[in-house]
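Trainee: This is the structure I have questions about; it appears just below.
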Amino acid sequence: DPELLTPVKKPAPAISEIRPTPTQVALIPTKISPRPPASTPAPRDASTEQEVRQARTEIARLATPTSSPEISDLYVHLPPDATLKQPLRVVIALHGVGTRGDVFAQSLIADADRNGWLLIAPTFPYRDHMNPRVLLEDDLQYSRLLYNTLVALPRRVGFRLRQHALLYGFSRGGQLAHRFALFYPDRVETVVTISAGTYTLPTEKRSAENGGQFLPLPYGIGDYAEKVDHTFDAKGFGKISFWIAVGGSDDRMSDVPRQFDPYLGKTRIQRAEAFQNALKEIGVDARLVVFPNVGHEISIEMHKGAIKFLRDDELLDKLND
């Protein structure tokens with residue numbers, strides 16, 4: 001599959017609990033620089049140590065029934081000294097087709113620890129991403145589950161969390177990342193979308209020069225209120241910053257659904273450009289970086305650029321949360 005970040009021979013067994021990263025295991029992800037040696041932690045008092053132990057115990061114990069309105073397959077990683085760094089910023093890692101959230105999240109652990117982020121990574125059973133109807137159904141469902149999970153997360157982990165999350169999505173996960181921002185902008189500060197195959201334009205119609213054609217989801221937001229059950233929050237969406245990345249060699253037309261061609265173009269590169277232009281037209285901060293000689297993957301330079309953008313945007317604290 002062209003969206004495989006980490007190839008798997010067969011589906012991994014489902015994770016039915018929220019799990020922390022085992023502290024005794026060193027995780028060095030593929031294509032990402034090894035994690036630097038940790039400095040000696042400062043002494044903590046007994047009450048702080050107890051709070052951290054209780055939080056980790058709760059994360060390890062929690063299991064969500066499949067009938068829950070929240071995500072039932074969720075990986076969670078707490079940063080060091082989490083109690084002292086409250087309220088914590090949540091970073092959501094969204095995987096592509098053919099891998100899992102817990103696998104995809106490994107490349108972000110060192111960055112999360114360094115920046116004091118609470119890292120979460122759901123695993124979603126993506127269906128046919130080449131079928132726009134199925135694509136929309138999945139992203140509506142998964143966005144609602146993700147929203148409910150974010151609402152419940154402070155209670156479940158026992159930490160104070162910032163309201164607006166940082167999103168980091170690759171390929172199919174990049175599609176879900178920007179659509180979650182469209183559906184629930186009140187929960188998003190920054191979006192990194194890497195190598196997405198399709199985008200939903202934040203407009204109800206095409207431009208006048210293109211005939212003013214009505215754009216329903218997933219192509220545009222013409223029938224947004226009908227499909228999402230609330231009206232589009234243009235003001236909230238306008239406060240989100242986007243970093244859009246794609247490899248210069250990631251241009252195989254057969255890898256993306258043809259139904260989006262009239263609105264976005266035929267390749268991932270053309271589509272990234274169309275999405276950036278649409279965001280800029282409505283005043284959204286959107287930056288596009290095309291990485292030469294990079295295929296459908298997350299290169300080291302891509303990862304560095306994405307993390308820098310997330311951190312710089314967070315430090316601006318434009319949403320004051």
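The values are calculated or read from the model by the stated rules, or taken from the named source; none is laboratory data. Small disclaimer: the values here were computed from a predicted structure and weren't measured. All Cβ positions, glycine included, derive from the backbone under ideal geometry; neighbour counts span all protein chains shown. Accessible surface is based on the protein model in full, side chains and every heavy atom, while ligands, DNA and RNA are left aside. Shrake-Rupley method; radii C 1.70, N 1.55, O 1.52, S 1.80 Å.
Let's see how each residue does on (1) more than 24 Å from ALA93 (Cβ to Cβ); (2) among the aliphatic types (A, V, I, L, M); (3) open to solvent by less than 10 Å² (accessible area, probe 1.4 Å); (4) in contact with a helix residue (DSSP H, G or I) (Cβ under 9 Å, 6 or more places away or on another chain):
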{"site": "GLY169", "(1), (2), (3), (4)": "no, no, yes, yes"}
{"site": "ARG179", "(1), (2), (3), (4)": "no, no, yes, yes"}
{"site": "LEU182", "(1), (2), (3), (4)": "no, yes, yes, yes"}
{"site": "ARG187", "(1), (2), (3), (4)": "no, no, no, yes"}
{"site": "VAL192", "(1), (2), (3), (4)": "no, yes, yes, yes"}
{"site": "ALA196", "(1), (2), (3), (4)": "no, yes, yes, yes"}
{"site": "ASP223", "(1), (2), (3), (4)": "yes, no, no, no"}
{"site": "PHE237", "(1), (2), (3), (4)": "no, no, yes, yes"}
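Trainee: Now a separate question. Looking at THR231, THR267, which one is of a type in the set (S, T, N, Q) and within 21 Å of PHE180 (Cα to Cα)?
Mentor: THR231
Trainee: Could you grab the pairs with beta carbons closer than 6 Å, sequence gap of 6+ or different chains, first residue in the range 261-289 and closer than 20 Å to LYS239 by Cα, second one open to solvent by 40 Å² or more (accessible area, probe 1.4 Å)?
Mentor: ALA272/LEU288; GLN276/LEU288; ALA286/LYS280
Trainee: Can you name every residue in the range 239-254 that is under 18 Å from ILE194 (Cβ atoms) and either under 21 Å from the mean Cα position of the chain (by Cα) or open to solvent by less than 10 Å² (accessible area, probe 1.4 Å) (or both)?
Mentor: Within the range 239-254, ILE240, SER241, PHE242, TRP243, ILE244, ALA245, VAL246, GLY247, ASP250 meet the criteria.
Trainee: Could you look through the range 183-224, keep only residues that are within 30 Å of TRP117 (Cβ to Cβ), of a type in the set (S, T, N, Q) and assigned to a loop (DSSP other than H, G, I, E, B), and pick out the one that is nearest to the chain's Cα centre (by Cα)?
Mentor: SER195
Trainee: Looking only at the range 266-277, which residues are open to solvent by 10 Å² or more (accessible area, probe 1.4 Å) and either of a type in the set (Gly, Ala, Ser) or under 17 Å from the mean Cα position of the chain (by Cα) (or both)?
Mentor: Selection gives ALA274 alone.
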